[in-house]
1. Rounded to whole Å, give me the distance from the Cα center of region 203-281 to that of region 87-147.
2. Can you compute the label reach from Y264? Point 7 Å from Cα along the Cβ direction, backbone N cut-off under 14 Å, restricted to region 344-386.
3. Give me the extension gain from K276 to V247: residue separation times 0.36 nm, minus the current Cα-Cα distance, reported in nm with one decimal.
4. Between N164 and V223, what is the spin-label point distance in nm, taking each point 7 Å from the Cα along the Cα→C-beta axis?
5. For the ranges 105-111, 155-161, what's the packing order if you count other beta-carbon atoms within 10 Å of each residue, average per peptide, and put the highest first?
6. Report the gain in length on full extension from E34 to D354: 0.36 nm times residue separation, minus Cα-Cα distance, nm rounded to one decimal.
7. Any chance you could run the full-extension gain for E73 through R87? It's 0.36 nm times the residue separation minus the Cα-Cα distance, nm to one decimal.
8. Points 7 angstrom from Cα along the Cβ direction at L63 and K185: gap in nanometres?
Amino acid sequence: MDFNVKKLASDAGVFFTRAVQYTEEKLGQAEKTELDAHLENLIARADCTKNWTEKIFRQTEVLLQPNPSARIEEFFYEKLDRKIPSRTTNAELLGQYMQDAAKEFGPGTPYGSTLITVGDFQKRLGGAEREFLHTSAINFLAPLRNFLEGDWKTISKERRLLENRRLDLDVCKARLKKAKSAEAKAAAAPDFQETRPRNYVLSASASALWSEEVDKAEHELRVAQTEFDRQAEVTRLLLEGISSTHVNHLRCLHEFVEAQAAYYIQCHKHMQDLQKELSSANGDTFPNAFAVNASTSGVSTGPSPLSTATLPGASSPSRPPNPSNALESSTLKIEEVKPPATGTRKAKVLYDYDAADTSELSLLSDELITVYTVPGMDPDWLIGERGNQKGKVPVTYLELLS
């Protein structure tokens, strides 16, 4: 108990002297030992890395889980070292609601059967989202969290120790400066003009005492300098490891982008499959519904921003098969087709297209044409007009604008 009390008193004394030194430095009343420029640059780089990593980590959490309550729940599960329970995604929940509604409306009705189909694809989208969230949490969020909660805490601890060693060093410097000043004053020649006689014996004794104090202060300064240099080296080595952290985070960022790209490709494929299935199932009731009503449904028949126009290694779509219904080239007279009073739209050509016969219209990339459909026409084709020219054009080569 006696040892603990002494240690506590010693620690309190050290803390007090550091606080005094720190306050005097802030007030400009004490000198401060500056770190070398290289170490200062490493510290600034580390602080920048920490701040931006924290912001990226928090915003990625918001991206992957927009619900704040769910994020708080996951945070507590992580702190309790328990497995986070599986949570149904919004798309999966929507798909289940659609399929439940189809049972009530009647799965044999057009609306009910469509609800079942769309609900199934919504569940597929939810499954793709779940896989993306899981992959991103492991390959991207976990490394960032490990840096913030592991490496950065170690760096912060060593930086605090370095600051304490610097304060101790500056305290020793100030103490040595005061001791030398007092020693010089005690060793000064006596002033015989003083009104009161001095005790020169005591003055000589004080000079010897101050000389001992100077020796003691110099020894403490050497010890403090050694400890400061050692701690500065430890801190420097840790801060130089930030470069390795950047390399690791770069690899994790690539994995995150790959997971995100795979997720969007899956979503695009599911929606294309759904569009084709609905088009074939409802073609008789709603001919070319997706081409005519894309502006109201939010679905474009042409390649979307996530389609072959932007995906790596993309090329123009394959030529769609010629229609084999009543409007095939042998019976369709293009010159007799008249545009409807309403329903014409502008379209941007995405790829060059060479007409296979006189019933088709050749296309040039980036040009604008007018398109419309006629009752009973194959949903993969539209009638396109460019000036006085008219002919069938494939939907997959177009981006409908209005």
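All of the numbers you see were taken from the coordinates with simple rules; none came from a lab. Everything numeric in this text was worked out from a predicted model, so none of it was measured. Cβ atoms come from the backbone with ideal geometry, glycine included; neighbour counts cover every protein chain shown.
1. 38
2. Correct set: none at all.
3. 6.1 nm
4. 1.6
5. Those peptides, ordered most packed to least, come out 155-161, 105-111.
6. Full extension of this stretch gives 107.8 nm more.
7. Gain on extension, E73 to R87, equals 3.9 nm.
8. Between L63 and K185, the simple spin-label model gives 6.5 nm.
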